[in-house]
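One structure below.
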Amino acid sequence: MKAVFLGTRGSLASPGPETARYGGNTSCVAVQGVGGTVLVLDAGTGLRRLGALLSAPLPRVDLLLTHLHLDHIQGLGFFPALYDPEVEIHLWGPASATQCLRTRLTRYLSPPLFPVHLRDLPRPERLSFHDVVSSEEFSVGEFRVRTAFVCHPGPTVGYRIAADSASLAYLPDHEPALGVPNFPLAGDWTSGFALARGADLLVHDAQYTLEEYKDHVGWGHSAWEHAFAFAELVGAKQLVPFHHDPAHDDAFLDGLLARYSRERPGLPFSVTPATEGAVFEVG
Amino acid sequence: MSQKEIELILMRQLASYLAMPVFLVDTDGTLIYYNDPAERLLGRRFDETGEMPVQEWSTAFTPVDEAGAPLPPDALPLVIALSEGRPAHRRFGIRGLDNAVRQIEVTAFPLLGQGDRHLGAVALFWEVGT
């Protein structure tokens, strides 16, 4: 499978010359299988760029949402397939105890936040909504998908995508170190462990430095150090630090990578921070 | 190694910061975590014991009613919360390893996760006198 990074930024789109390389669009990763299936992980502002990636319109698109914070759904309203009556769209997202996925997404896809009602889209019956719970497994084309609730404010899931022997774990908003003074605990007491165990590619929250994290405990995100410790615990082969803080420009992120390369030699996995447009062959 | 559900993980992390005893059991009744204040009641540290099956932890202290008679397990709030899936509260005494009887208030509630998943139960102990 191939993972294409369309949006790498966390919290808020941050375009500008100072973020041109790592990217300013919010979370969106397209996963393409050798059989032609396309999964889209999150619908941040990077989703708008998906059309340019595809050689031809797809008959079906599956959007797997980790949660419904705005930086993960804002691109939805600007996704051309939403307005194409020929495209079947499946939206997957975390179940809530109070409202279904469709109702919660309608909060965004309706005035005054957005001019178009969900119900006014052409052939709205081609949209399917799937409320997913923890430890759910389902198949889309050649992909097997597994879910788990993870540590982040509000219902939030991570996804594990597998095809043949290749696997990708996607935990863009994840604070497994919350309340753990000496992170990590054993795997069975660590959020996201089962999902990410042995993944070929681990896309993981790395919004903060450890110094910044101290002022953001409980906000649902990780420091780079936490992402390293988590990757080591789960035995990932490659770590992709993701969900870059809006205040971290290209020079700052280059500096972080250089610093950790210096301070953490000999890690048992490779580290490649997410950059917008990057393509990873997985497995 | 299987991973605990996120609700259990977060409950453990919360309990580890609380100053009153907290016991966390899974759907089988296995005691999967107790915090530092609970260690005084059990007389053993969690780091030493690890998880304990219900047969083991339920005999670590002896619950007694107002007259000092032993309480059957199904009268205990934690057992009610787990078996009947509802919150339960009771005041009773426990005879500890030092043979002293401590009066405690116990509130237990089931843990129901997203998607109506039954995950176990939690008990909070509150010592009210000896």
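The values are calculated or read from the model by the stated rules, or taken from the named source; none is laboratory data. Just so we're clear, the structure is a prediction, and the values are computed from it rather than from any experiment. No Cβ is skipped: glycine too gets one built from the backbone with ideal geometry, and neighbour counts run over all protein chains shown. What goes into the accessible areas is simple: the full protein's heavy atoms, side chains included, and nothing from ligands, DNA or RNA. Shrake-Rupley method; radii C 1.70, N 1.55, O 1.52, S 1.80 Å.
Of the numbered conditions (1) among the polar types (S, T, N, Q); (2) in contact with a helix residue (DSSP H, G or I) (Cβ under 7 Å, 6 or more places away or on another chain); (3) within 14 Å of chain B (Cβ to nearest Cβ), A:S135 satisfies every one except a single condition; which is it?
Going through the list (1) among the polar types (S, T, N, Q); (2) in contact with a helix residue (DSSP H, G or I) (Cβ under 7 Å, 6 or more places away or on another chain); (3) within 14 Å of chain B (Cβ to nearest Cβ), A:S135 breaks only (2).
Does region A:57-85 hold any residues that are acidic (D, E) and modelled with pLDDT of 95 or more, and which are they? Walk me through how you get there before you give the answer.
Keep residues of region A:57-85 that are acidic (D, E), which gives A:62, A:71, A:84.
Within region A:57-85, A:D62, A:D71 qualify.
Report those strands (runs of 3 or more DSSP E) wholly inside region B:3-122 carrying at least 3 residues which are within 14 Å of another protein chain (Cβ to nearest Cβ).
Details: elements: B:22-25, B:31-34, B:62-64, B:88-95, B:101-113.
Qualifying strands (runs of 3 or more DSSP E): B:31-34, B:101-113.
What is the residue count in region A:255-272 for residues that are surrounded by fewer than 13 Cβ atoms within 10 Å (Cβ to Cβ) and within 22 Å of A:D200 (Cβ to Cβ)?
4
Can you say whether B:L76 is open to solvent by less than 50 Å² (accessible area, probe 1.4 Å) and in contact with a strand residue (DSSP E or B) (Cβ under 8 Å, 6 or more places away or on another chain), as far as the supplied structure shows? Before the answer, list the steps.
Working: open to solvent by less than 50 Å² (accessible area, probe 1.4 Å): yes; in contact with a strand residue (DSSP E or B) (Cβ under 8 Å, 6 or more places away or on another chain): yes.
Criteria met by B:L76.
Scan region A:143-154 residue by residue and report those that are surrounded by fewer than 16 Cβ atoms within 10 Å (Cβ to Cβ) and more than 14 Å from chain B (Cβ to nearest Cβ). Write out each step before concluding.
First, the residues of region A:143-154 that are surrounded by fewer than 16 Cβ atoms within 10 Å (Cβ to Cβ): A:144, A:153-154.
Result: A:R144, single match.
What helices (runs of 4 or more DSSP H) completely inside region A:186-283 contain at least 3 residues that are closer than 27 Å to A:R48 by Cα?
On the way: elements: A:193-196, A:210-213, A:224-234, A:250-263.
Output list reads A:250-263.
Restricting to region A:83-125, give me the number of residues that are aliphatic (A, V, I, L, M) and within 20 Å of the chain's Cα centre (by Cα).
Within region A:83-125, the first condition is being aliphatic (A, V, I, L, M), and the residues that meet it are A:87, A:89, A:91, A:95, A:97, A:101, A:105, A:109, A:113, A:116, A:118, A:121.
Still in the running and within 20 Å of the chain's Cα centre (by Cα): A:89, A:91, A:95, A:101, A:105.
Count: 5.
Can you tell me which of A:D245, A:D205, A:D200, A:D215 is acidic (D, E) and either in contact with a His (Cβ under 6 Å, 6 or more places away or on another chain) or within 18 Å of A:L65 (Cα to Cα) (or both)?
Numbers: A:D245 fails: either in contact with a His (Cβ under 6 Å, 6 or more places away or on another chain) or within 18 Å of A:L65 (Cα to Cα) (or both); A:D200 fails: either in contact with a His (Cβ under 6 Å, 6 or more places away or on another chain) or within 18 Å of A:L65 (Cα to Cα) (or both); A:D215 fails: either in contact with a His (Cβ under 6 Å, 6 or more places away or on another chain) or within 18 Å of A:L65 (Cα to Cα) (or both).
Within the list A:D245, A:D205, A:D200, A:D215, the selection yields A:D205.
Checking the structure you have, find out if any residue of region B:79-87 is farther than 30 Å from A:P153 by Cβ, open to solvent by 20 Å² or more (accessible area, probe 1.4 Å) and in contact with a helix residue (DSSP H, G or I) (Cβ under 6 Å, 6 or more places away or on another chain).
Step one: filter region B:79-87 for residues farther than 30 Å from A:P153 by Cβ, giving B:79-80, B:83-84.
Remaining after also requiring open to solvent by 20 Å² or more (accessible area, probe 1.4 Å): B:79-80, B:83-84.
Okay, now just the ones that are also in contact with a helix residue (DSSP H, G or I) (Cβ under 6 Å, 6 or more places away or on another chain), so B:79.
Yes: one or more hits.
Six or more apart or on different chains, Cβ under 8 Å: which pairs go from a residue in region B:6-23 that's over 13 Å from B:G120 (Cα atoms) and at pLDDT 95 or above to one that's open to solvent by less than 10 Å² (accessible area, probe 1.4 Å) and not in a loop (DSSP other than H, G, I, E, B)? Could you list them?
Filtered contacts from region B:6-23: B:V22/B:A15; B:V22/B:Y34; B:V22/B:A38; B:V22/B:V122; B:V22/B:A123.
Considering region A:220-243 alone, what residues qualify as being open to solvent by 10 Å² or more (accessible area, probe 1.4 Å), touching a helix residue (DSSP H, G or I) at 6+ places or on another chain (Cβ under 8 Å), in contact (Cβ under 8 Å) with a residue 40 or more places away in the chain and not hydrophobic (A, V, I, L, M, F, W, C)?
Filtering region A:220-243 down to residues open to solvent by 10 Å² or more (accessible area, probe 1.4 Å) leaves A:221, A:225-226, A:229, A:232-233, A:235, A:237-238.
Still in the list and also touching a helix residue (DSSP H, G or I) at 6+ places or on another chain (Cβ under 8 Å): A:221, A:225-226, A:233.
With the extra rule that they be in contact (Cβ under 8 Å) with a residue 40 or more places away in the chain, the set shrinks to A:221, A:226, A:233.
A:H221, A:H226, listed by residue number.
Quick one: which of A:V140, A:V217, A:V157, A:V203 is closer than 22 Å to A:L233 by Cα, more than 10 Å from every other protein chain (Cβ to nearest Cβ), open to solvent by less than 10 Å² (accessible area, probe 1.4 Å) and β-branched (V, I, T)?
Working: A:V140 fails: closer than 22 Å to A:L233 by Cα; A:V217 fails: open to solvent by less than 10 Å² (accessible area, probe 1.4 Å); A:V157 fails: more than 10 Å from every other protein chain (Cβ to nearest Cβ).
Answer to the selection: A:V203.
If the requirement is being of a type outside the set (S, T, Y) and away from chain B (no Cβ under 14 Å), which of these qualifies: A:R119, A:R104? If you could, list the steps in order and put the result at the bottom.
Numbers: A:R104 fails: away from chain B (no Cβ under 14 Å).
Criteria check complete, one pass: A:R119.
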